[in-house]
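Here's the structure we're looking at; comments come further down.
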Amino acid sequence: MRQARIQLGVVITLAVLYNAPKFGEARIELDLDPADNSTWLVPVHTPLGISRLYNVVYGNVFYTVFMLLLPLVVLTGLNVRLVREVKALGRRRLEMPA
């Protein structure tokens, strides 16, 4: 149970760290419409959201790492552990008295 909590904590932490910059990409501004005296909330890009370097690094590099490479490495590690355990189980089965 302790190991599952640690793993969940790591996943939540990585998810928050990955998505935190999204909050700096835009802000909400009030837009007054003089025609009918109404107020609208309008999302406006910040300099961070407009930055080409940010979009390349965050949108391409980080996305590739978090959505492709990290899951691939984790699944590979889990498969290696599973194969080792299956082989160890086969050896223990052969050593058991009939």
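Mind checking whether some residue in the stretch 29-44 is within 20 Å of the chain's Cα centre (by Cα) and modelled with pLDDT of 90 or more?
no
What are the pairs, 6+ residues apart or on separate chains, where a residue within the stretch 4-16 that is in a helix (DSSP H, G or I) and of a type in the set (F, W, Y) has its Cβ under 9 Å from a residue that is surrounded by 10 or more Cβ atoms within 10 Å (Cβ to Cβ) and modelled with pLDDT under 90?
If the second residue must be surrounded by 10 or more Cβ atoms within 10 Å (Cβ to Cβ) and modelled with pLDDT under 90, no pairs are left.
Tell me which residues, restricted to the stretch 42-65, are under 9 Å from E25 (Cα atoms) and of a type in the set (A, V, I, L, M, F, W, C).
V44, L48, I50
Mind listing whichever residues of the stretch 1-52 are touching a helix residue (DSSP H, G or I) at 6+ places or on another chain (Cβ under 8 Å) and either charged (D, E, K, R) or within 25 Å of L70 (Cβ to Cβ) (or both)?
Selection gives L14, Y18, P21, G24, E25, L48, G49.
Out of the stretch 29-67, which residues are farther than 17 Å from N19 by Cα and in a strand (DSSP E or B)?
Within the stretch 29-67, E29, L30, D31, L32, D33, S38, T39, W40, L41, V42, P43, V44 qualify.
The values are calculated or read from the model by the stated rules, or taken from the named source; none is laboratory data. No experiment lies behind these values; they were computed from the predicted model shown. Note that we place each Cβ from the backbone using ideal geometry, even for glycine, and neighbour counts take in every protein chain shown.
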